[in-house]
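Peer 1: One structure is given below, represented as structure tokens, and several questions about it will come after.
The values are calculated or read from the model by the stated rules, or taken from the named source; none is laboratory data. The structure presented is a predicted model; accordingly, all values stated were derived computationally and were not measured. No Cβ is skipped: glycine too gets one built from the backbone with ideal geometry, and neighbour counts run over all protein chains shown.
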Amino acid sequence: MKRVVSGLTLLEVLAALTLISLLAALSAQLMFEAQRAQRSAASTARMGEDLALMRWQESIEAYVPSHPLDPSALTGEATRLELPSSLPPWPHPGGAHRVLWRLQAGADGTRLLAEAVTASATEARGLPAISLPKGDWAFRYAGADGRWIDAWPPQTPPANDDRRLMLVALVDQRDGTPLLVARTAAEARGWGSLRLLGTL
């Protein structure tokens, strides 16, 4: 009588191991490609937000006061900033445009919005909302005396009676860290950033 031996032959075991290793290599490659695509998408989104923040900075640095000492040309509070700019963040034919920058807090974080101010209304235009990193964001303002304040124009005139706005910053109020600083006056371009940024 013949004895029946059950099991796999060496050739069958080798074939199974080869298939398993091929599947493992393919799935590792697919996982690597998925992670790379995810990192690339996140990087692209961050670059878009960085570009939008640069537009914010350029728009403020292109501030066009009606008169150099006119404090009412630019008005600002902790969550809104309105100013005439020769470089609004949307496509434009040229000239000065009134721009309203607004911070909007929501469940998913804070967003920075740009809106056009016309004689009849305020409308969103051309620039999508910018999602800011996690933080308690606010606008801060520095005049010619170098003091940082929460609103512009200041409630009390500075001691030297120089009412020019020099810097506008987007600051995390939890620790005073600035995300971005824009210089609004030609004189401020030469200011050392360390003297001012340390006091936000």
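Peer 1: Is it the case that Ala25 is at pLDDT 80 or above, surrounded by 11 or more Cβ atoms within 10 Å (Cβ to Cβ) and assigned to a helix (DSSP H, G or I)?
Peer 2: On the way: at pLDDT 80 or above: yes; surrounded by 11 or more Cβ atoms within 10 Å (Cβ to Cβ): no; assigned to a helix (DSSP H, G or I): yes.
For Ala25, the condition - at pLDDT 80 or above, surrounded by 11 or more Cβ atoms within 10 Å (Cβ to Cβ) and assigned to a helix (DSSP H, G or I) - is not met.
Peer 1: Would you tally the residues in the stretch 139-152 being under 16 Å from Trp101 (Cα atoms) and surrounded by fewer than 18 Cβ atoms within 10 Å (Cβ to Cβ)?
Peer 2: Here the count works out to 2.
Peer 1: Given the criterion buried (at least 18 other Cβ atoms within 10 Å of the Cβ), modelled with pLDDT of 85 or more and on the phi < 0 side of the Ramachandran plot, identify the matching residue among Leu196, Leu170.
Peer 2: Residue meeting the stated conditions: Leu170.
Peer 1: Separate question: Can you tell me which residue is farthest from Leu74 (Cα to Cα) among those in the stretch 139-188 that are in contact with a Phe, Trp or Tyr (Cβ under 7 Å, 6 or more places away or on another chain) and charged (D, E, K, R)?
Peer 2: Asp172
Quick grid of which residues meet (1) within 26 Å of Gly135 (Cα to Cα); (2) in contact with a Ser or Thr (Cβ under 9 Å, 6 or more places away or on another chain):
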position: Ala73; (1), (2): no, yes
position: Gly76; (1), (2): yes, no
position: Arg80; (1), (2): yes, no
position: Ser85; (1), (2): no, yes
position: Trp90; (1), (2): no, no
position: Gly95; (1), (2): no, yes
position: Arg102; (1), (2): yes, yes
position: Asp108; (1), (2): yes, yes
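Peer 1: Looking at Pro93, Pro157 in this structure, which one is under 19 Å from Glu58 (Cβ atoms), surrounded by fewer than 14 Cβ atoms within 10 Å (Cβ to Cβ) and modelled with pLDDT under 85?
Peer 2: Matching residue, one of Pro93, Pro157: Pro93.
Peer 1: Within the stretch 3-18, which residues are exposed (fewer than 10 other Cβ atoms within 10 Å of the Cβ) and either in a helix (DSSP H, G or I) or touching a Gly at 6+ places or on another chain (Cβ under 6 Å) (or both)?
Peer 2: Just the residues of the stretch 3-18 that are exposed (fewer than 10 other Cβ atoms within 10 Å of the Cβ), to begin with: 3-7, 9-11.
Matches in the stretch 3-18: Leu10, Leu11.
Peer 1: If only one of Gly190, Gly109, Gly146 is modelled with pLDDT under 80, out of contact with any His (no Cβ under 7 Å at 6 or more places or on another chain) and of a type outside the set (Asp, Glu), which one is it?
Peer 2: Gly190 is the lone residue from the list that is modelled with pLDDT under 80, out of contact with any His (no Cβ under 7 Å at 6 or more places or on another chain) and of a type outside the set (Asp, Glu).
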